[in-house]
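Let me begin by presenting the structure, written as structure tokens, before commenting on it.
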Amino acid sequence: MTPKKLWIVLAILAVAALSGWLLIGRTRTEAGGADHEAPGDGDTLAAVARVERHNLGNTLTIAGEFKPFQDVDVHAKVAGYIRVINVDVGDHVREGQTLAVLEIPELAAQLAGADAAVRRAQEEIRRAKSDVERAQSTHAAAHSAYARLKQAADSRAGLVAQQEVDDSLAKDLGAEAQVASAEAELSAARQQVEVAQANQKQFNALSNYARIIAPFSGVITNRYADTGALIQAGTSSSTQAMPVVRLAQTSKLRLVVPIPESLAAQIHLGDPVKVRVQALNRDIEGKVSRFADSLDRQTRTMETEIDFDNRDGRLIPGMYAETQVSLREKKDALTVPLEAVTRNGDDATVLAVNAQNEIEERHIKLGLEDSSHVEVVSGLSDHDRVVIGNRSQFHNGQKISPKDVSAGALKTGGEK
């Protein structure tokens, strides 16, 4: 054999030996890995956590928007032309301040007519009183004449003809009826005065609406009309009445936040709230002032409001803020990790591990929860073990090889 062929044979043998060694090492590694993954003579490895006591505190972080405490479009009560408008966007006004004055010529004419109707009705009362007095005088004279004739006829028979006595009685009764008629006319005149005065008050009230005043103190955020514009009455449903200005109360603001349906029942009046206003780089604190106590059907959230004093004017309506609402807190509560619980409506279950490392499905009652743990009101005890993670591979009564991954066990293992 030549030296060249000898070297070729040696190289082939070396490659074969190296391949065999690598194959044997890989087989041992796979066998060792299989033994590690399936300890306990074939039992399924399961991650478990212990039931432990923690202080639970639920804090909800959600975005909210500042809104004016009051925000209205100011309309005119009656239709008319704007004679003068005294405010513009950004003006601060006081409650009762005149914002604009309307020109209403027909209303002025109606008011003048009402005043004249009152005066006429009062004159009718004076005339009716005179008629009553005249009727009473006529009746008194007729009654006296009848009384004298009657007395004379009764004192001596045949002295006065009976026809004269009857005529005098008729005159007396007629005069009495005239008195009643005059008194009725006087009463009607008085009622007519009341009607005229009511109309006068109505037109006076309407004429007062020619002055559009501020219903509360605030700032003008929008101006819709200018001098000379025709403004329709805000009470008319047949037309789209244009408002004169928009007024917002900004000395006090509402922070409106939508609370999710799952946490709506935990909101209470007075709950502390911490607000971060990014635009101002400022943190402020407040308390829940009111909530709707009803869910929006589209968003499934409950509108909750927090009031803030803004007399310094630093907060602006429309600003967004990050709101942290502190919900209920409970100290030393019995808890399990959230991933250990399976929920089905109001029912909740866990897979507990007994002393023989066997699975037991238990129904539990839940309480307060935070981002990682939930309180167990009943169904488990201190230091019980529960399976966490995927439960589909386990069943009731199955024997497992537990691996404790609870925080306490991991800390102890790390120290060792």
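For region 204-245, the tally of residues that are crowded, with 18+ Cβ neighbours inside 10 Å and within 30 Å of residue 305 (Cβ to Cβ) stands at 10. The residue list 295, 334, 315 contains one member that is within 32 Å of the chain's Cα centre (by Cα) and over 30 Å from residue 219 (Cα atoms), which is 295.
Of the strands (runs of 3 or more DSSP E) lying entirely inside region 42-123, those containing at least 2 residues that are open to solvent by 60 Å² or more (accessible area, probe 1.4 Å) and of a type in the set (Val, Ile, Thr) are 52-74.
Out of 79, 135, I need the residue that is among the aliphatic types (A, V, I, L, M), modelled with pLDDT under 95 and under 33 Å from the mean Cα position of the chain (by Cα). Which one? So that I can check it myself, show each step before the final result.
On the way: 135 fails: under 33 Å from the mean Cα position of the chain (by Cα).
Of 79, 135, the one residue that is among the aliphatic types (A, V, I, L, M), modelled with pLDDT under 95 and under 33 Å from the mean Cα position of the chain (by Cα) is 79.
Within region 147-189, the set of residues being hydroxyl-bearing (Ser, Thr, Tyr) and open to solvent by less than 50 Å² (accessible area, probe 1.4 Å) comprises just one member, 168. Please indicate, with yes or no, whether at least one residue in region 210-230 is on the phi > 0 side of the Ramachandran plot, modelled with pLDDT of 90 or more, touching a Lys or Arg at 6+ places or on another chain (Cβ under 9 Å) and not in a strand (DSSP E or B). Yes: one or more hits. Mind checking which pairs have a first residue in region 162-178 that is over 21 Å from residue 131 (Cβ atoms) and a second that is among the basic types (Lys, Arg), Cβ under 9 Å, 6 or more apart or different chains? Close Cβ pairs satisfying both conditions: 165/150; 168/148; 168/150; 169/150.
Where in region 247-313 are the strands (runs of 3 or more DSSP E), entirely inside, with at least 2 residues that are open to solvent by less than 70 Å² (accessible area, probe 1.4 Å) and touching a residue at least 60 places away in the same chain (Cβ under 8 Å)? Walk me through how you get there before you give the answer.
On the way: elements: 272-277, 282-291, 301-309.
Ranges flagged: 301-309.
Looking at 159, 111, can you tell me which residue is within 30 Å of residue 81 (Cα to Cα) and out of contact with any strand residue (DSSP E or B) (no Cβ under 9 Å at 6 or more places or on another chain)?
On the way: 159 fails: within 30 Å of residue 81 (Cα to Cα).
Within the list 159, 111, the selection yields 111.
If you go through region 353-373 and keep only what is in contact with a Leu (Cβ under 7 Å, 6 or more places away or on another chain) and not charged (D, E, K, R), you end up with 359, 364, 368, 372, 373. Take the conditions part of a strand (DSSP E or B), without any contact (Cβ under 8 Å) to a residue 60 or more places away in the chain and open to solvent by less than 30 Å² (accessible area, probe 1.4 Å) and apply them to residue 348. Does it pass? It is true that residue 348 is part of a strand (DSSP E or B), without any contact (Cβ under 8 Å) to a residue 60 or more places away in the chain and open to solvent by less than 30 Å² (accessible area, probe 1.4 Å).
Here are some residues: 383, 395. Which one is part of a loop (DSSP other than H, G, I, E, B), touching a Lys or Arg at 6+ places or on another chain (Cβ under 7 Å) and surrounded by fewer than 16 Cβ atoms within 10 Å (Cβ to Cβ)?
Values: 395 fails: touching a Lys or Arg at 6+ places or on another chain (Cβ under 7 Å).
That would be 383, the only listed residue that is part of a loop (DSSP other than H, G, I, E, B), touching a Lys or Arg at 6+ places or on another chain (Cβ under 7 Å) and surrounded by fewer than 16 Cβ atoms within 10 Å (Cβ to Cβ).
The values are calculated or read from the model by the stated rules, or taken from the named source; none is laboratory data. Quick caveat, the model's predicted, so the values are computed rather than measured. Because the Cβ atoms are built from the backbone with ideal geometry, glycine has one as well, and the counts that use them run over all protein chains shown. SASA here: full protein model, heavy atoms, side chains in, ligands and nucleic acids out. Shrake-Rupley method; radii C 1.70, N 1.55, O 1.52, S 1.80 Å.
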